[in-house]
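Written out below as structure tokens is the structure these notes cover.
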Amino acid sequence: VADNPSATLATACAARFDADDAEVLEVSAAAATAHARDDDCALRIHLGVAVTYDRITLERCAYNDASFRVADANGFQPTGEKIDEDAALGAVRRTTIDVETVAAAARSAGAHVAVSDDAGRFVCNYLYFRSLAGGAPCVFVH
């Protein structure tokens, strides 16, 4: 995506809420791996672009499957590879956040929000799968 709206939104949210720990990541598996560390943050909210989606989508889960349709920013393009070698290929990790309740609240406020069980198999899923292994509650928003 030439002009990444998730980067613009992340930067604006960080400024609005005086968050000094917001980061805009390169779209790569290497950046996702470096970022998805287990630290002492209270909550992780990841934002990404899904060009075929027509509404905000909260991702319920991620899969241990790196099958990039196109190469990432570093030219890495795995097919059928594990993200976490200690988990089975295709293993599912789910958020502990009640995304159904969050989506319902957003819809009642007039937002067009959906919930999905498929974050894709590109860097969004890669980052989310790694982050869900950490200790902080985490959600990915497309």
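Overview of values
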{"quantity": "Computed accessible area, Glu26, all protein chains, 1.4 angstrom probe, square angstrom", "calculated": "90"}
{"quantity": "Distance (nanometres) between label positions extended 7 Å along Cα→Cβ at His112 and Asn4", "calculated": "2.4"}
{"quantity": "Point-charge dipole on Cβ atoms (K/R +1, D/E -1) for the stretch 94-142, about Cα centre, debye to 20", "calculated": "140"}
{"quantity": "Rounded accessible area of Val92 (nearest 10 Å², 1.4 Å probe)", "calculated": "60"}
{"quantity": "Efficiency of FRET from Cβ geometry, Ala15 and Glu81, R₀ 30 Å, rounded to 0.05", "calculated": "0.25"}
{"quantity": "GNM flexibility winner over the chain from Val99, Val70, Val51 (Cα, springs under 10 Å)", "calculated": "Val51"}
{"quantity": "Estimated 222 nm signal from helices in the chain, with DSSP H stretches of n ≥ 4 weighted -39500 (n - 2.57), rounded to 500", "calculated": "-7500 deg cm²/dmol"}
{"quantity": "Size of charge dipole - the stretch 20-134 - debye, nearest 20, with Cβ of Lys, Arg +1 and Asp, Glu -1, no other charges", "calculated": "400"}
{"quantity": "In Å, descending, principal axis extents of the Cα set of the chain", "calculated": "40, 34, 27"}
{"quantity": "Highest-fluctuation residue, Tyr126, Tyr63, Tyr53 considered, GNM on the chain with Cα pairs under 10 Å", "calculated": "Tyr53"}
{"quantity": "In nm, spacing of pseudo-spin labels at Ala88 and Glu23 (7 Å Cα→C-beta vector)", "calculated": "3.2"}
{"quantity": "For Asp65, solvent-accessible area (1.4 Å; no DNA, RNA or ligand), Å²", "calculated": "30"}
{"quantity": "Solvent-accessible heavy-atom area per residue, rounded to whole Å², over the chain at 1.4 Å", "calculated": "57"}
{"quantity": "Percent carbon-and-sulfur accessible area, the chain, ignoring ligands, DNA and RNA, probe 1.4 Å", "calculated": "53"}
{"quantity": "Listed residues Phe17, Phe68, Phe129, most fluctuating in the chain (Gaussian network, C-alpha, under 10 Å)", "calculated": "Phe17"}
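The values are calculated or read from the model by the stated rules, or taken from the named source; none is laboratory data. Bear in mind the structure is a predicted one, so any value in this text is a computation, not a measurement. Using ideal geometry, Cβ is built from the backbone for each residue, glycine included, and neighbour counts are taken over all protein chains shown. Ligands, DNA and RNA are stripped out before the accessible areas are found, and what is left, the full protein with its side chains, is counted by its heavy atoms. Shrake-Rupley method; radii C 1.70, N 1.55, O 1.52, S 1.80 Å.
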